1. Within the stretch 78-125, how many residues turn out to be of a type outside the set (A, V, I, L, M) and more than 22 Å from the chain's Cα centre (by Cα)?
2. If only one of 150, 141, 132 is among the polar types (S, T, N, Q), in contact with an Asp or Glu (Cβ under 7 Å, 6 or more places away or on another chain) and in contact (Cβ under 8 Å) with a residue 12 or more places away in the chain, which one is it?
3. Among the numbered criteria (1) in contact with a Leu (Cβ under 9 Å, 6 or more places away or on another chain); (2) at pLDDT 95 or above; (3) not basic (Lys, Arg), which one does residue 31 miss?
4. Criterion first (free of Cβ contacts under 8 Å to residues at least 60 places away in the same chain and of a type in the set (Phe, Trp, Tyr)) does residue 185 satisfy it?
5. Does at least one position in the stretch 203-220 carry a residue that is without any contact (Cβ under 8 Å) to a residue 40 or more places away in the chain, part of a helix (DSSP H, G or I) and at negative phi?
6. Taking residue 59 and the conditions (1) under 22 Å from the mean Cα position of the chain (by Cα); (2) on the phi > 0 side of the Ramachandran plot, which numbered condition does it fall short on, given that it satisfies the others?
7. Residue under question is residue 133, and the condition is that it be buried (at least 21 other Cβ atoms within 10 Å of the Cβ) and within 16 Å of residue 24 (Cβ to Cβ); does it hold?
Amino acid sequence: MSVLTSLNKLFGKSPFIPLIEHMEKVKKSVNFVPELLDSFISNNNEIIISSIKNISEKEHEADVIKNHLRDNLPSSPFNGNINQDILSILHSQDSIADCAEDLAHLIEIKPMKVIEEMKLPLKNFYEEAMKTVDMIYNIVTKLDALSKATFSGPLAKNLLKDINELCEQEHIADVAQIKTAKILFANEEKISATEIFIWSKILNKLGDIANNAEKTGNLIRLLLILK
């Protein structure tokens, strides 16, 4: 079944369902980031190429859902400005997949060997960043049930707790990013200026994955507080 066929069947029920489907595609795209970075560390070009391809394909599938949702939001499905809330969450979670694709293309730009000093901190950094994606995925997939509970009650309370934990995890990822960047620049005599530039971009894009996961969570926080 195509993405659009699935959407057409589901869209009449709730706009949160395609929002969740979009998040599922975002997560599938980002799920290839560890494979990409592991192959980058081990200098496995064949896996690097396949990982980049998979990330781009899933990011495109997320874009298909994003565009269909934006073009077909019902005029007044809920009270207030729920459409704008949905679009804000959609844009933020879409940025997660965009950053994954940008990261993939940065690695594609120039073949680089990862120096020994960078291997462990890079692995730790991406593992901490990926935890934020798992957490925001679990939060977003509860939105349809939350809307049926009128954004209140025990589910809303538990979701706020989940969002707070997501923000804590994003901070942990930030700390790991700074540590990795410090090690990068402490070893700059072993790396060319061009590679330092690309490395900085790679670390920033990986950090932005976690940043956008946190941003999505905070937008959902507003949805809970204001409704």
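1. Our first condition is that a residue be of a type outside the set (A, V, I, L, M); within the stretch 78-125, this holds for 78-81, 83-85, 88, 91-95, 98-99, 101-102, 105, 108, 110-111, 113, 116-117, 119, 121, 123-125.
Okay, now just the ones that are also more than 22 Å from the chain's Cα centre (by Cα), so 78-81, 110-111, 113, 116-117, 119.
Total meeting the criteria: 10.
2. Working: 150 fails: in contact with an Asp or Glu (Cβ under 7 Å, 6 or more places away or on another chain); 141 fails: in contact with an Asp or Glu (Cβ under 7 Å, 6 or more places away or on another chain).
Result: 132 is the single residue among 150, 141, 132 that is among the polar types (S, T, N, Q), in contact with an Asp or Glu (Cβ under 7 Å, 6 or more places away or on another chain) and in contact (Cβ under 8 Å) with a residue 12 or more places away in the chain.
3. Only one criterion is unmet by residue 31, namely (1).
4. Details: free of Cβ contacts under 8 Å to residues at least 60 places away in the same chain: yes; of a type in the set (Phe, Trp, Tyr): yes.
Judged against the criteria, residue 185 is a match.
5. Quick first cut of the stretch 203-220, residues without any contact (Cβ under 8 Å) to a residue 40 or more places away in the chain only: 204.
When the remaining residues are screened for being part of a helix (DSSP H, G or I), the result is 204.
Still in the running and at negative phi: 204.
Yes, the conditions are met somewhere in the stretch 203-220.
6. Tallying (1) under 22 Å from the mean Cα position of the chain (by Cα); (2) on the phi > 0 side of the Ramachandran plot, residue 59 fails exactly one: (2).
7. Numbers: buried (at least 21 other Cβ atoms within 10 Å of the Cβ): yes; within 16 Å of residue 24 (Cβ to Cβ): yes.
Yes, satisfied.
The values are calculated or read from the model by the stated rules, or taken from the named source; none is laboratory data. Because the structure is predicted, anything quoted here is derived from the model rather than measured. Neighbour counts are summed over all protein chains in view; Cβ atoms, including those assigned to glycine, are modelled from backbone coordinates with ideal geometry.
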